[in-house]
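To start, the structure itself, in structure tokens.
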Amino acid sequence: MITDEKRQELLDRLRNSVIQYDEDGAKEASNEVVELGMDANDAIFNGLVSGMEEVGRLFEAQEYFVPELLMSADALYAGLDILKPHVKQLDLGVKGSVVIGTVEGDVHDIGKNIVKMMFDVAGFTVYDLGRDVPLDKFVEEQLKTDSDLVCLSAMMTTTMVGMKKVIDDLRAKNPNVKIMIGGAPVSSDIAGKWGADGYAKDANNALKDAINMVSSLKKMKEEAEARKKG
Amino acid sequence: MAETRTMTPKERVLKLFAGEKVDRPPCFSGMGNATTDGLQRLGYKFAALHSNAKMMADVAAATYKLTGFECGVVPFDLCVEAEALGCEINVYAHLDDILYPTIKKKIIHNEEEMGISIPRDFTRRGRIPLVKEAIGLLKADIGNDVAVGTYVLGPFTLAGQIMELNDLLKLSFKKPEKVGNLLDILADAIVLCAREFEEAGADYITVREMGATSDVLSPRVFKNLILPYLKKIFSQLRTNTVLHICGKTNDIAPFMVESGASAISVDQKNDVAETRKKIDKALLFGNYDPYNVLVAGSEANVRQVIRKCLDDGVDAVWPGCDIWPTVPVENIKAMMDEVYNYRRPVPNKEEIKK
């Protein structure tokens with residue numbers, strides 16, 4: 001067992017590596033976590049994700065912009081790649097799989113990749129269809145993988161309208177699937193009108209929404225643990 | 001009420017650019033405005049326009065003929081320069097839906113490949129000659145009545161097309177000098193392309209630098225890394241020019257003016273009343289939402305938004321982006337009508353004293 005002091009030191013290092021987009025720092029701290037046998041879940045959520053939350057705040061305050069966000073994401077993945085094989089899977093009572101992609105006609109995938117990262121962190125199985133994805137492919141992939149959630153992204157007004165078709169198709173074939181849409185031109189109005197369950201209007205909101213999802217997952221995890229102990 | 005003024009739409013736009021007095025703000029655009037109505041009347045498919053000069057010009061002219069919208073603009077996609085530089089594009093010819101062409105294959109795949117050079121026959125490559133031809137056809141068709149416009153990309157936006165945007169953004173931070181070198185080369189290419197369009201008779205050219213919006217990049221990076229190359233472009237163009245950036249632009253609006261463009265163009269995220277204070281009398285075009293208002297909004301909504309643009313102090317009523325083709329013709333007509341009949345509120349005595 002490691003001391004509380006050491007644990008806190010490692011968490012701080014992980015957190016700061018993400019905030020300061022220091023990939024090497026994230027790798028070193030993650031390797032130490034593994035060597036010392038510290039809980040990988042703890043390191044991910046209270047270290048890496050905590051750092052990403054701060055990055056989200058800095059982004060919102062317009063101290064950070066997209067380049068910083070991308071570099072922080074690289075640092076997070078550098079740590080996550082090392083820690084993930086050591087995560088003990090808990091039975092969360094949810095399947096937790098998601099189909100994600102940017103709609104056909106749109107080759108912008110930065111927002112989509114940030115959301116994807118948060119699902120990766122949360123331990124979701126992510127079926128990433130990439131960018132410029134033909135609309136039928138979303139429906140096909142959802143049916144094939146029986147995923148709980150489908151996330152559609154469009155960066156431009158000119159490609160956003162394709163999302164309505166996907167939503168209609170998905171609903172017709174599977175009324176229970178949750179659908180989230182995102183991208184600069186999307187509004188809550190449009191999400192409502194088209195029957196999506198959630199929306200994120202930009203990278204920051206996507207990040208916040210995804211973090212919220214991860215947080216509720218964390219809570220479920222803690223409850224599951226409490227039940228086990230109790 | 002129909003228009004009662006005598007200035008032609010073309011005179012109005014040209015006088016505005018020349019800094020002369022106009023009888024009212026024009027209502028036009030520097031970006032694409034194909035309509036499905038126009039496409040249907042002509043019997044054209046959207047995907048076919050991009051590679052046919054006549055079809056391109058016909059559809060551009062149809063918007064003016066059907067609605068009175070005060071310009072003709074070609075092309076309709078954003079891939080002309082990238083294609084001439086060697087990228088492969090996708091026009092989605094297999095689909096009946098309207099999709100704008102995108103870049104399928106980039107020419108820079110890693111940092112080491114950033115030292116590109118402009119092909120010697122650049123202006124004869126891809127669709128640059130085709131767009132040039134379309135400008136000529138459009139001039140011949142409606143060029144006496146309305147100003148004919150075209151556009152090129154800004155250097156940063158073009159860089160984001162010919163290499164991975166992800167890499168470009170990170171390198172802007174990690175290795176700005178390397179990105180600067182690429183932008184310098186691309187600025188030269190953009191000038192070459194724009195010169196061709198000037199030669200064809202374009203009355204104004206919009207430089208679309210939407211990749212440099214403050215939603216993505218800090219105003220500091222915009223000023224240090226991108227502005228110098230925009231200046232380089234505008235200093236070499238002879239015709240009227242507009243710099244367009246969408247998304248958050250309030251903090252960079254003064255830099256946009258500093259670029260040397262004849263006018264700046266912003267979208268619905270800009271607080272135009274605020275911007276007006278910052279940039280004084282510089283020409284400011286904007287800023288209605290071309291999808292949520294003009295396409296999806298009611299006629300009443302359109303009128304209200306257009307009045308707000310004018311109240312806030314735009315010099316021309318102008319959309320925040322390309323107009324999505326399914327736009328109801330009635331909505332464009334309502335917008336035009338609002339512009340025809342708008343009277344600037346008479347300032348009260350307090351304001352006059354100021």
### Query
Going by the conditions given, is B:Gly115 of a type in the set (Gly, Ala, Ser), away from chain A (no Cβ under 14 Å), within 30 Å of B:Lys175 (Cβ to Cβ) and buried (at least 20 other Cβ atoms within 10 Å of the Cβ)?
no
#### Entry: Enumeration of residues in the stretch B:79-95 that are closer than 23 Å to A:Lys165 by Cβ, within 12 Å of chain A (Cβ to nearest Cβ) and in a loop (DSSP other than H, G, I, E, B)
B:Val91, B:Tyr92, B:His94, B:Leu95
### Task
Hey, could you check the stretch A:168-186 for residues that are among the aliphatic types (A, V, I, L, M) and part of a helix (DSSP H, G or I) and say which is farthest from B:Pro319 (Cα to Cα)?
A:Ala172
### Message
Within the stretch A:1-57, considering only helices (runs of 4 or more DSSP H) that don't extend past its boundaries, which have at least 1 residues that are touching a His at 6+ places or on another chain (Cβ under 9 Å)?
### Response
A:23-35, A:40-43
### Query
Regarding B:Lys308, is this residue surrounded by fewer than 23 Cβ atoms within 10 Å (Cβ to Cβ), closer than 26 Å to B:Thr150 by Cα and basic (Lys, Arg)?
no
### Message
Within the stretch A:156-167, does at least one residue satisfy the condition of being assigned by TED's automatic domain parsing to the domain that holds A:Met117, within 24 Å of B:Thr326 (Cα to Cα), at pLDDT 85 or above and not in a helix (DSSP H, G or I)?
### Response
no
### Summary
Reported set for the stretch B:91-141 where residues are in contact (Cβ under 8 Å) with a residue 60 or more places away in the chain and among the small types (Gly, Ala, Ser) is B:Gly115, B:Ser117, B:Ala134, B:Gly136
#### Entry: Residue match in the stretch B:79-88 (condition: touching a Ser or Thr at 6+ places or on another chain (Cβ under 8 Å) and without any contact (Cβ under 8 Å) to a residue 60 or more places away in the chain)
no
#### Entry: Filtered residues of the stretch B:52-77 (kept if over 16 Å from B:Pro9 (Cα atoms) and outside any helix (DSSP H, G or I))
B:Asn52, B:Val74, B:Pro75, B:Phe76, B:Asp77
### Task
Just name the residue that is surrounded by the fewest Cβ atoms within 10 Å (Cβ to Cβ) out of those in the stretch B:274-305 that are within 14 Å of another protein chain (Cβ to nearest Cβ) and outside any loop (DSSP other than H, G, I, E, B).
B:Asn301
### Failed item in (1) outside any helix (DSSP H, G or I); (2) surrounded by 24 or more Cβ atoms within 10 Å (Cβ to Cβ); (3) not hydroxyl-bearing (Ser, Thr, Tyr), with B:Gln268 passing the rest
(2)
### Query
Just wondering, is there one or more residues in the stretch A:105-114 that are away from chain B (no Cβ under 14 Å) and within 12 Å of the chain's Cα centre (by Cα)?
no
### Query
Is it true that B:Asn270 is of a type outside the set (Ser, Thr, Tyr), without any contact (Cβ under 8 Å) to a residue 24 or more places away in the chain and under 26 Å from B:Leu153 (Cα atoms)?
yes
### Query
From the residues in the stretch A:140-172 that are polar (S, T, N, Q) and more than 21 Å from the chain's Cα centre (by Cα), which one is farthest from the other protein chains (Cβ to nearest Cβ)?
A:Thr159
### Residue count, the stretch A:163-202 (criterion: of a type in the set (Ser, Thr, Tyr) and surrounded by fewer than 20 Cβ atoms within 10 Å (Cβ to Cβ))
2
### Query
What are the residues in the stretch A:40-64 that are touching a residue at least 40 places away in the same chain (Cβ under 8 Å) and closer than 20 Å to A:Asp4 by Cα, if any?
A:Ala40, A:Asn41, A:Ala43, A:Ile44, A:Phe45, A:Leu48, A:Val49
## Note on the structure
Residues in the stretch B:16-51 that are without any contact (Cβ under 8 Å) to a residue 24 or more places away in the chain, within 18 Å of B:Tyr100 (Cα to Cα) and part of a loop (DSSP other than H, G, I, E, B) total 1
### Task
Being within 14 Å of chain A (Cβ to nearest Cβ) and either in a loop (DSSP other than H, G, I, E, B) or aliphatic (A, V, I, L, M) (or both) is the filter here, so list the residues in the stretch B:174-217 that pass it.
B:Lys175, B:Val179, B:Met210, B:Ala212, B:Thr213, B:Ser214, B:Asp215, B:Val216, B:Leu217
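The values are calculated or read from the model by the stated rules, or taken from the named source; none is laboratory data. All values reported here derive from a predicted model rather than from experimental measurement. Positions of Cβ are backbone-derived with ideal geometry, glycine not excepted, and every protein chain shown enters the neighbour counts.
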